[in-house]
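The structure appears right after this line, and notes come after that.
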Amino acid sequence: MTLHLDFYISMRSPFSYLVTPRLAALERDYDVAITAKPVYAIAARDPNWFSRINPLWVPYFARDRLRTAEYLGVPFAPPRPDPIVQNLETGELAAEQPYIHRLTRLTAAATEQGQGFPFVCEVSAIIFDGSTEDWHEGSHLADAAARAGVDMADLEAAIEADPGHFDAIIEANQTDQEAAGHWGTPLMVFDGEPFFGQDRFDMLKWRMEQKGLARR
């Protein structure tokens, strides 16, 4: 029996990237189907969010993502450029956000073609694993899309033809995400139960084992 898992993903979230290798191994080794559900990063949804948080949040977050990557043995470096255009010292967001909107729509388009999760794995790697500077330029994204089994030109043509269609998908994902019981990413939802954060992967797998998780 195939078990189905919804993966609510922000393409700006380093912790979403850090859980993808374990999710990919889960889907490879077990009878599991993962559906990527792209949502916007909270900063893109709420431009005033950073002005309301404790000022200790940003330096703690920066430290935690590095040590989490080291602990997991996953290559990581701060993205160049960050998918969200932001002054990290003040938290102020730029009025224009070309990267995150493009990435999120592309992920929605890849999901519609049935390759959303592979697209997330390949693209988040070039953003966060430290191997690719200026990931938004040249053929980096197109090459990652090809490795995921989709054609970048096809994705971009679909988005250009009907951007509102993909914006509606993203909006619906955000509504479904909150209905599932959380607002953050990474969020894994299995059998109606939410598991927030990369550190909940083992608990997620434990629950799936209770529901009949079987090796392929």
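A short reminder: the numbers here are calculations on the coordinates, not readings from a lab. Nothing here was measured: the structure is a model prediction, and the numbers come from that model. Virtual Cβ from ideal backbone geometry, glycine too; neighbours counted across all protein chains shown.
Tabulated data
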| quantity | calculated |
| --- | --- |
| Top positive-direction residue, dipole computed over the chain with Cβ charges, set MET11, TYR40, LEU66 | LEU66 |
| Rounded to 5, percent antiparallel among DSSP beta bridges of the chain | 60 percent |
| Segments 129-139, 102-112 sorted - mean Cβ within 10 Å per residue, highest first | 102-112, 129-139 |
| Karplus 3J(HN,Hα) series, Hz, for region 74-82 with 6.51 cos²θ - 1.76 cosθ + 1.60 (x for Gly, Pro) | 9, x, 8, 8, x, x, 10, x, 5 |
| Anisotropy class of region 3-210 from Cα gyration tensor, a/c 1.5 cut | rounded |
| By average C-beta atoms within 10 angstrom, highest first, the peptides 5-18, 186-199, 161-174, 144-157 | 5-18, 186-199, 144-157, 161-174 |
| Tensor-based shape of region 8-123 (alpha-carbon gyration tensor, a/c under 1.5 rounded, otherwise prolate or oblate) | oblate |
| Rounded FRET efficiency, nearest 0.05, which uses the C-beta distance separating ASN87 from TRP57 and R0 of 25 Å | 0.95 |
| Amide hydrogen neighbours beyond the local backbone of ILE9, cut-off 5 Å, H modeled | LYS37, VAL39 |
| Karplus (6.51, -1.76, 1.60) ³J(HN,Hα), θ = phi - 60°, over region 96-109, in Hz, Gly and Pro reported as x | 9, 10, x, 6, 5, 5, 5, 4, 5, 5, 4, 5, 5, 5 |
| Likely footprinting exposure, TYR40, TYR60, TYR30, fewest C-beta neighbours within 10 Å first | TYR60, TYR30, TYR40 |
| Linear extension gain, ASP29 paired with ALA179, 0.36 nm per residue minus alpha-carbon span | 51.0 nm |
